[in-house]
Amino acid sequence: MDDHSSDHTYRVVRNDEEQYSIWWADRPLPDGWYAEGTEGSREECLHHIDTVWTDMRPLSLRRRMERSAAG
């Protein structure tokens, strides 16, 4: 079976840096990644990521930039 098969269910995952990806819903999550709550087809999950992940910078970089701007 092709891993990009349309009948495969995926889940949206996020790491501590607030970066998003997709993962197979029937497999254990890799270390450092957490289920975000959205599951569906590959296309549905990627569309959801496009909608919610509007700032591609890692969280640590955003925080560092905010501190620099404030200080």
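The values are calculated or read from the model by the stated rules, or taken from the named source; none is laboratory data. No experiment lies behind these values; they were computed from the predicted model shown. Positions of Cβ are generated from backbone atoms using ideal geometry, with glycine treated the same way; all protein chains shown enter the neighbour counts. Surface accessibility is based on the protein's heavy atoms, side chains included, excluding ligands, DNA and RNA. Shrake-Rupley method; radii C 1.70, N 1.55, O 1.52, S 1.80 Å.
Miscellaneous remarks
- Nearest-20 debye value, the chain charge dipole, Cβ charges on Lys, Arg, Asp, Glu: 540 debye
- Zone residues, the stretch 7-35, relative to Arg42, backbone N less than 19 Å from point 7 Å out along Cα-to-Cβ: 7-14, 20-30
- Seen against the Cα atoms of the chain and their longest principal axis, helix 59-70 is set at about 20 degrees.
- For Asp7 and Thr51, the difference between the fully extended length at 0.36 nm per residue and the C-alpha to C-alpha distance is 13.6 nm.
- Computed from Cα atoms, the angle from the helix 42-52 axis to the main principal axis of the chain rounds to 20 degrees.
- By accessible area, using a 1.4 Å probe on protein heavy atoms only, the chain has 48% of its surface on carbon and sulfur.
- Amide H to amide H distances under 5 Å link Thr38 with Val12, where only residues 5 or more positions off or on other chains count and H is placed in the peptide plane.
- Coordinate range of the alpha-carbon atoms in the chain per principal axis, descending: 53, 24, 19 Å.
- Mean Cα-pair separation over length for the stretch 1-64, i.e. relative contact order, pairs under 8 Å, 6 or more apart, %: 36 percent
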